[in-house]
Number of protein chains: 2
Amino acid sequence: MTLDPGAGASQAPAQETSGKLHHSIGRFEPELGGALEDVTLAYETWGEMSGGADNVVLLTHALTGDSHAAGGPCREHRRGGWWDPMVGPGRPVDTEKFFVVCSNVLGGCSGSTGPASVDPETGEPYGMRFPVVTIRDMVRAQKRLLDDLGVARLALVIGGSIGGQQALEWAVEFPGFAEKAAPVAATGALGPQGIGMSEIGRRAIMADPDWRKGDYYGTGKSPEEGLAIARMAGMMTYQSAPGQWERFGRRPAGRPALYEGLGGRFEIESYLHYQGHDLVGRFDANSYLYLSRAMDLYDVANGYDSQEEALARVCADLLFVGITSDWLFPANEVRGTAEKAGRAGARARYAEIDTLSGHDAFLKDWPELEEAVTPFITRT
Amino acid sequence: MTLDPGAGASQAPAQETSGKLHHSIGRFEPELGGALEDVTLAYETWGEMSGGADNVVLLTHALTGDSHAAGGPCREHRRGGWWDPMVGPGRPVDTEKFFVVCSNVLGGCSGSTGPASVDPETGEPYGMRFPVVTIRDMVRAQKRLLDDLGVARLALVIGGSIGGQQALEWAVEFPGFAEKAAPVAATGALGPQGIGMSEIGRRAIMADPDWRKGDYYGTGKSPEEGLAIARMAGMMTYQSAPGQWERFGRRPAGRPALYEGLGGRFEIESYLHYQGHDLVGRFDANSYLYLSRAMDLYDVANGYDSQEEALARVCADLLFVGITSDWLFPANEVRGTAEKAGRAGARARYAEIDTLSGHDAFLKDWPELEEAVTPFITRT
């Protein structure tokens with residue numbers, strides 16, 4: 001499997017099917033140590049920047065997302081942009097009004113520098129020699145991209161899941177930069193159940209003999225089974241028990257399962273098999289290790305004495321959006337983070353989406369999502 | 001790894017450290033097909049059978065349990081019996097009053113015939129040629145053991161998780177046999193989230209190259225990594241999110257983790273690593289596949305037009321025990337099954353244990369468990 005090594009802007013075509021661009025932000029030093037000599041971020045934009053550069057919205061993507069937030073299906077993105085119903089002319093993130101930017105995160109595998117990228121010092125892919133990157137590193141890298149694009153201020157930063165962690169970290173790390181920040185389905189720190197589920201996925205990847213301690217690039221193989229299992233574990237955390245009862249129940253599989261079952265196959269199983277193998281074709285296993293780890297490690301308090309101290313830095317208007325059936329970032333914890341921010345002096349609102357869709361609601365419950373975020377986005 | 005092949009009673013010593021006995025129930029035909037020529041069940045007993053054989057209690061164990069329900073730590077069971085605080089003189093299952101029997105389930109790996117046992121027709125371990133076994137098969141096999149022991153009637157059958165499924169199935173399959181049946185932390189059928197978590201574990205086992213399609217016996221290896229990951233996934237379903245916050249939080253690991261972390265290790269991770277590898281030394285991976293599958297497949301309605309029709313057969317007094325923070329068998333679903341049984345005409349009670357311990361409460365919250373079940377056990 002050949003993965004986009006995150007080519008520098010000078011080597012990459014300026015425009016691909018999706019409109020993806022690449023930009024080098026140069027040397028980058030992750031906060032937990034190590035250094036990356038030449039970091040490239042892949043990004044896409046929609047709309048036009050205003051003369052005063054005061055209409056910029058940054059979208060921050062989730063674990064297996066990428067820069068393609070908006071747009072219909074294309075060759076590279078057969079399902080279209082991951083937030084397409086939310087972004088476009090007349091949509092909540094109105095591209096007739098806003099200049100919208102979305103970049104693939106540092107450590108990702110969709111054009112930005114990550115473990116699959118070639119280390120210029122060795123000429124070989126980084127693999128597990130890639131340094132640990134954090135949500136703060138992702139945000140700092142995005143800041144360098146925005147600086148280079150001439151963006152002096154963000155009207156809004158918004159995203160869900162680890163995109164929500166990034167939105168929150170933006171408000172803490174660069175307090176004067178974003179006017180509004182909306183963490184969706186994200187809290188100040190992931191709980192142990194979420195960390196445990198992440199770790200099950202990482203163990204599955206690392207136990208796959210094709211992982212080869214991360215040095216599988218160029219072998220013609222990759223830890224497909226391990227990554228598929230990691231994805232299955234992830235999918236469990238993205239959905240709710242009552243939602244799965246409604247959607248799958250105990251119905252027998254309506255499509256072929258990966259392998260013969262022991263006494264038959266349930267629909268939930270063939271669904272998980274399908275989701276697992278679908279990710280294999282479009283995602284790098286090492287990136288999965290690093291990005292899931294960034295999710296686990298994130299605590300808004302990191303580098304401060306407490307979450308309160310960190311949140312007291314915030315100048316942006318905050319909107320936290322919780323999802324009632326979310327068990328990765330439970331709604332009561334999202335609300336708790338909003339309340340903590342409020343107590344710390346931030347202007348923090350909380351909106352809740354009442355749904356059985358679980359964590360994934362921020363990628364599918366469009367009317368409810370629109371209702372939750374539009375008043376915040378349009379408010380002046 | 002050498003596993004007890006489930007030797008017949010004639011070959012096995014009558015008494016082992018734990019007091020384990022073996023009994024052949026002969027040829028057995030599982031309900032979904034296939035045949036086992038000579039099935040052995042390992043079992044243990046406590047107390048004395050009364051002259052009228054009317055004081056017999058059957059304990060049914062959970063997924064990775066065995067016949068050693070009671071007793072202190074011994075060579076084979078360094079933690080002692082899995083329900084020891086509940087079983088003994090003066091305890092809720094009072095061995096001065098009751099003759100208590102617990103057998104390792106059909107398909108298990110602690111002395112009863114299972115995938116690791118030698119197929120007498122080939123002289124080789126069954127591996128995946130072992131037929132699919134169901135909760136009903138386990139119960140039918142237990143019935144043959146009890147018949148051979150001269151038990152004409154059960155005063156009580158009680159167990160948790162898949163032990164609870166067995167207790168319920170006893171009441172449905174042999175309506176006149178048990179006076180009381182107490183399914184603890186079990187419902188009429190597992191939901192899709194539970195099935196999904198089971199399947200993640202099975203995929204991890206089957207993806208392990210040492211699994212060799214189940215034929216790893218005698219190779220000097222077994223799918224240790226896969227079984228450990230399966231156990232980790234299982235452990236997640238046995239605990240609750242708030243319970244894990246309380247017990248582990250986001251604390252760094254206090255003991256060595258299995259491998260170097262990406263940016264450190266959380267306590268929940270080293271706990272999962274430890275639990276995973278602890279199971280490897282005492283459990284057969286193929287048995288894990290078969291028994292987890294039996295849990296998934298169980299629906300009290302199997303073979304009937306509906307759960308109601310099945311439950312209408314019940315003559316036993318039923319006590320369902322739900323655990324408030326259980327997400328494998330959620331309390332509201334346990335209560336729902338109890339209510340359904342009541343509507344079907346059964347004498348069904350429901351008791352609830354309010355705890356953060358999750359599903360595992362039936363193996364650790366002793367005072368609460370005792371309070372929930374003792375009135376039912378002692379009631380005449």
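Of note:
- Taking label positions 7 Å along the Cα-Cβ direction at both residue B:371 and residue A:339, the computed distance is 2.6 nm, reported to one decimal.
- Overall form of segment A:148-256: oblate. Here a/c, set by the Cα gyration tensor axes a ≥ b ≥ c, is 1.5 or more, and a/b is not larger than b/c.
- With 5 Å bins beginning at zero, the pair-distance distribution over Cα atoms of segment B:242-313 amounts to 3, 13, 14, 11, 11, 12, 11, 8, 7, 5, 3, 0 %.
- For chain A, the mean residue ellipticity at 222 nm estimated from helices alone is -10000 deg cm²/dmol, where every DSSP H run of n ≥ 4 contributes -39500 (n - 2.57) and the total is divided by all residues, rounded to the nearest 500.
- Inter-copy spacing of residue B:219 label points, which lie 7 Å from Cα along Cα→Cβ, given in nm from shortest upward: 1.8
- Added length on full extension, which subtracts the Cα-Cα distance from 0.36 nm per residue, residue A:347 to residue A:54: 103.4 nm
- Note: relative contact order over chain B, using C-alpha pairs below 8 Å and six or more positions apart, is 17 percent.
- Across the identical copies, how the residue B:123 labels are spaced - nm, sorted shortest first, 7 Å along Cα→Cβ: 5.8
- For chain A, size of Cβ-based charge dipole, Lys and Arg +1, Asp and Glu -1, in debye: 420 debye
- Relative intensity, log₁₀ I(q)/I(0), of chain B from a Debye sum that treats every alpha carbon as a point, q = 0.08, 0.13, 0.14, 0.15 Å⁻¹: -0.38, -1.06, -1.24, -1.43
- Highest-fluctuation residue, B:47, B:249, B:220 considered, GNM on chain B with Cα pairs under 10 Å: B:220
- All Cα-Cα separations within segment A:55-173 were binned at 10 Å from zero, giving a P(r) of 13, 42, 33, 10, 1, each value a whole percent of the pairs.
- Relative contact order [Cα under 8 Å, 6+ residues apart], segment B:100-217, whole percent: 19 percent
- Viscosity 1.306 mPa s, 10 °C: Kirkwood-radius Stokes-Einstein D of the protein assembly as shown over Cα pairs, µm²/s: 58 µm²/s
- Qualifying GluC sites (Glu not before Pro) for segment A:246-350 [loop in DSSP, other Cβ within 10 Å: at most 14]: A:260
- Kyte-Doolittle mean at least 0.0 and Cα axial length at least 15 Å: DSSP H helices in chain B: B:162-173, B:192-207, B:224-238, B:285-297, B:366-378
- Rounded D (µm²/s) - segment B:194-291, Kirkwood Rh over Cα pairs, Stokes-Einstein at 4 °C, 1.567 mPa s: 91 µm²/s
- Rounded to the nearest 20 debye, dipole of segment B:194-291 from Cβ charges on Lys, Arg, Asp, Glu: 140 debye
- Shape category assigned to segment B:307-380 from the gyration tensor of Cα positions, a/c cut at 1.5: oblate
- Choice from B:214, B:254, B:160 with maximal GNM fluctuation in chain B (Cα, 10 Å cutoff): B:254
- Each copy carries a label point for residue B:152 at 7 Å from Cα toward Cβ; from one copy, the others' points are 9.7 nm away, ordered from shortest.
Computed from the coordinates by the stated procedures, all read-outs in this text should not be read as laboratory data. It should be emphasised that the depicted structure is a prediction, and the values quoted were computed from it without experimental measurement. Positions of Cβ are generated from backbone atoms using ideal geometry, with glycine treated the same way; all protein chains shown enter the neighbour counts.
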